[in-house]
Amino acid sequence: QVQLVESGGGLVQAGESLRLSCAVSGISVSGSVMAWYRRAPGKQRELVAQITRLGDTTYADSVKGRFTISREDAKNTVYLRMNRLKPEDTAVYYCKASQLYDYYWGQGTQVTVSS
């Protein structure tokens, strides 16, 4: 059974940092395309950052230079380091694992940034 469990969300002030974790079981993060998405209130879910099996990363324009996605294969975990947080980063953040024919989602973790 595949499980993705996010953690690390919370309430912070603008300018502060958070690190989200996505602990994966049932599949390997190194054999998957791993991504972080977010859904802000009243908006559609959007891709925030992605890391391929080869370690190539991509970011949404709104987070470039502030967020970093990384992977720790030994722990089968993916991270999202978020620096210089802004109120517009407030959202539920989801982890996604994609393989050739399947994809899996975590349950999400809330990030709230106060001004």
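Quick notes on this structure:
- Flag for E46 being open to solvent by less than 20 Å² (accessible area, probe 1.4 Å), over 18 Å from R84 (Cα atoms), acidic (D, E) and in contact with a strand residue (DSSP E or B) (Cβ under 7 Å, 6 or more places away or on another chain): no
- Check on V48, among the aliphatic types (A, V, I, L, M), over 20 Å from V2 (Cβ atoms) and assigned to a strand (DSSP E or B): yes
- Enumeration of residues in the range 31-43 that are on the phi < 0 side of the Ramachandran plot, open to solvent by 50 Å² or more (accessible area, probe 1.4 Å) and out of contact with any Phe, Trp or Tyr (no Cβ under 9 Å at 6 or more places or on another chain): P41, K43
- Scanning the range 72-103 for residues that are open to solvent by 60 Å² or more (accessible area, probe 1.4 Å) and in a strand (DSSP E or B) gives E72, R81, Y103.
- Just one of the numbered conditions (1) open to solvent by less than 40 Å² (accessible area, probe 1.4 Å); (2) of a type in the set (A, V, I, L, M); (3) without any contact (Cβ under 8 Å) to a residue 60 or more places away in the chain is not true of V24: (3).
- Single condition S70 does not satisfy, out of (1) in contact (Cβ under 8 Å) with a residue 24 or more places away in the chain; (2) within 12 Å of the chain's Cα centre (by Cα): (1)
The values are calculated or read from the model by the stated rules, or taken from the named source; none is laboratory data. Please read all numbers here as calculations on a predicted model, not as lab measurements. Glycine also receives a Cβ, built like all others from the backbone with ideal geometry; neighbour counts cover every protein chain displayed. Only protein heavy atoms, including side chains, enter the accessible area calculation; ligands, DNA and RNA are left aside. Shrake-Rupley method; radii C 1.70, N 1.55, O 1.52, S 1.80 Å.
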